[in-house]
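Structure first, commentary second.
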């Protein structure tokens, strides 16, 4: 790694005095990458139809990989959360940032009149995030993207139940 990076061992050891510090930096990098990618997708969602299209893309991507890869942050969480408090905190902040993108999306939809004024976007965002992660884990273990599809369908059904005009747009 030192040679590939074009640095000396001393420089490397200065920045990463132990394995835990190196792992934490890798986690920070991975969290940023995933959240930047997810935020860009989520910020484009403005309607129930957009959510359905997002769901279809997530499932299609998972299907192309035969359900095998799951979520990089979920995988890191399973591996590191109990072993490294600094990594757990970074991952928790990453999931919070991801969830906040869902909250902002649903808030925009509420403000635009897509969702009813009384829709609890916080609860809906938590449910969507948990459903996405759970569906990805199920697809990963069963190698069946239908588990992810069904999970996301349930979450979108819950969101649709809070639509300003529930029958106007089907998700």
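Where a number appears in this text, it was derived from the coordinates with a stated rule and is not lab data. Model, not experiment: these values are computed from the prediction. As a convention, Cβ positions derive from the backbone with ideal geometry for all residues, glycine included, and neighbour counts pool all protein chains shown.
Return 111, 118 ranked ascending by Cβ neighbour count within 10 Å, so the fewest neighbours appear first.
The fewest-first ordering by Cβ neighbours comes to 118, 111.
When only Cα pairs under 8 Å and 6 or more residues apart are kept, what is the percent relative contact order across the chain?
Relative contact order, the chain: 27 percent.
Where in region 55-92 is the amide nitrogen less than 16 Å from a point lying 7 Å along the Cα-to-Cβ axis of residue 40?
The answer is 58.
Could the peptides 123-135, 83-95 be put in order, highest first, of the mean number of other beta-carbon atoms found within 10 Å of their residues?
Top of the packing list down: 123-135, 83-95.
Using alpha carbons only, how many degrees (0 to 90, rounded to 10) separate the axis of helix 48-64 from the longest principal axis of the chain?
Taking Cα atoms only, the helix is inclined about 40 degrees.
Can you give me the angle between helix 145-160 and the longest principal axis of the chain, using Cα atoms only, in degrees from 0 to 90, rounded to the nearest 10?
Taking Cα atoms only, the helix is inclined about 50 degrees.
Mind checking the full-extension length gain between residue 158 and residue 130? Use 0.36 nm per residue of separation minus the Cα-Cα distance, one decimal, nm.
Between residue 158 and residue 130, full extension yields 8.8 nm more.
In whole angstrom, how long is each semi-axis of the equivalent ellipsoid of the chain, when you take the square root of 5 times every eigenvalue of its Cα gyration tensor and sort them from largest down?
Largest first, the chain gives 36, 18, 13 Å.
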